[in-house]
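The values are calculated or read from the model by the stated rules, or taken from the named source; none is laboratory data. Values in this document were obtained by computation on a predicted structure and should not be read as measured data. Cβ coordinates were reconstructed from backbone atoms using ideal geometry, including for glycine residues, and neighbour counts include every protein chain displayed. Heavy atoms of the whole protein, side chains included, go into the accessibility calculation; ligands, DNA and RNA do not. Shrake-Rupley method; radii C 1.70, N 1.55, O 1.52, S 1.80 Å.
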Amino acid sequence: MGRYTLCQYIAGLAAGLTVLAVGCTTGWTTVALKKLRSPGSEIPITPSEGSWIASFHEAGHILSPIPTGFLVGKVGPKACLIASAVIQSAGWILIIITRSVPILYLVRFLFGISMGIVFTVTPLYIAEISNPEIRGALSTGFETMLYLGHLIEFTVGPYVSYNMLAVISITIPVGFLILSLWMVESPYYLIKRGKYLDARKSYSDLSGIEDEHILVDYLAKIEEHINEKKIGSLRDLFGSRNYRRCLMIVLVLAIVQRFSGMSAVVAYASFIFPSTIGGLSSSSYTILFGAITLLFTFVSAALMDRSGRRVLTITSCFGSFVVELLTALYFYLSQNSIVNTTHITWIPFATISMYAGFYSIGMGPIVTTIQGELFPPNVKGLAASIVTIVHAGSGSLVTKCYQIISDKFGVYVSFSFFSLSCLFGSVFAFFVMPETKGKTLLEIQSG
């Protein structure tokens, strides 16, 4: 591993800790809802309150990207990520010291704000500090950290108290705040702010290049690229046919990702699995699900810069379509007593776990990867903000409606919709999605 690669991986890891912290805030819901709805709960809640706790997270997620998109150009990615960690820490402290459903709504809202910041800023930061050869792997690390956060909550949560889970979870954003003291700032941001000496040092640290002529030449290209489109506004974003097409591609991929159902499966995993399988406890099945999801992100990291973004997305979407269709079929046959499913109750866990695998190799990481690649610096923050809002809105809709639709019509209706969304995604990726593998940001955004 070259010096430049090691330095970039360290920078990516620092940013990844904020994603790990977000993964804990989202994975917390599965464990916490079961604790809160159990007999003897410290904060007794109704199923309706539980669904609001699950979906309030997305309200903050929806509201934070636009301000973040403007702020990231003013204060830089590093400061924004530090702010997200402070917000997460405040949320965990409130969980520890309070016992109130309205406060839980507030905490979930705060966690959503931090998620909006991280989902807006981290993809941009990773794209700007990484070389083309490892950019896909680092972007896939975004999903790896997210699902590692889920797995931490799934694994630790059932075996510790409500308070202790929050104490353990807060160590991650605090750890990032400490590590941020050594975090490298994006050279793109530094050039935009006129901090040329700092930008040169940052790029030298990231690339390992010390030759003054090479450094000056490359930074001049970045500055020229930024100055070509000096003013970034909504008019710039929507006034360009190329930008509109790029935005449409990323938005469709974000909607397909959310409509594939992962947010609902994660939020309600402990309730889905015990209704389908006997034998192991719901906690055990939830842990297995989290581990499988995490495992396949490593597969994606190995393939993203080899097989390419487009091929993996098509494979991911079509594979998810097939296994979610099988899941819907099982629930339909079971609910309507058409077939005796007593001896095949392992099928939903198997198919949902296969869905997690297919999701993790393509649909999961592709939005953050391609979002950071397609847009130039002048509109990148605004584009990321819009994508994050749509992503959050879609996720909130799925999370809130899953319980309502499943209770009223049956779980098979929800999974049928998820399956059809994945089929649409595979067709869209085949005909519309561009391939960005092995290209520099300048090549991608000049194309």
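Where the only charges are on Cβ atoms (+1 Lys, Arg; -1 Asp, Glu), what is the dipole of the chain about its Cα centre, to the nearest 20 debye?
Result for the chain is approximately 660 debye, rounded to the nearest 20.
Take the alpha-carbon positions of the range 11-146, form their convex hull, and give its projected area averaged over all directions (one quarter of the hull surface) in nm².
Averaging across all directions leaves 8.2 nm² for the Cα convex hull.
Where in the chain lies the longest segment free of GluC sites (Glu not before Pro) that are both loop residues by DSSP (not H, G, I, E, B) and have at most 16 other Cβ atoms within 10 Å?
Within the chain, the longest run free of exposed GluC sites (Glu not before Pro) spans 211-434.
With the cut-off at 25 Å, tell me which of the pairs K34/K400; K34/K78; K195/K221; K78/K201; K78/K400; K74/K400 have Cα atoms farther apart than that.
K34/K78; K78/K400; K74/K400
What's log10 of I(q)/I(0) for the range 330-438 at q = 0.10, 0.17 Å⁻¹, Debye sum over Cα points only, no solvent?
-0.43, -1.01
Multiplying the sequence separation of V432 and R245 by 0.36 nm and subtracting their Cα-Cα distance, what value in nm do you get?
Answer, rounded to one decimal: 66.4 nm.
Distances longer than 26 Å among the Cα atoms of the range 243-381: what percent of all pairs is that?
Percent of Cα pairs beyond 26 Å in the range 243-381: 32.
Could you tell me which of M262, S89, F417 has its Cα farthest along the dipole of the chain towards the positive end, charges placed at Cβ (Lys, Arg +1; Asp, Glu -1), taken about the Cα centre?
F417
How big is the shadow of the Cα convex hull of the range 304-355, averaged over all directions, in nm²?
Result: a mean projected hull area of 3.8 nm².
Using a 10 angstrom Cβ neighbour count of at most 16 plus a DSSP loop assignment to flag exposed chymotrypsin sites (Phe, Trp or Tyr not before Pro), which longest range of the chain is free of such sites?
The reported range is 1-345.
Could you give the radius of gyration (one decimal) and Dmax (whole number) of the Cα atoms in the chain, in Å?
Computed over the Cα atoms of the chain, radius of gyration and Dmax are 21.6, 74 Å.
Would you mind giving the average projected area, over all directions, of the Cα convex hull of the range 36-102 in nm² with one decimal?
5.3
So for the chain, averaging the separation of alpha carbon pairs under 8 Å that are six or more residues apart and normalising by length, what relative contact order in percent results?
Normalised by residue count, the contact order of the chain is 26 percent.
Tell me the accessible surface of R244 in square angstrom (1.4 angstrom probe, heavy atoms of protein chains only), to the nearest ten.
Answer for R244: close to 110 Å² accessible.
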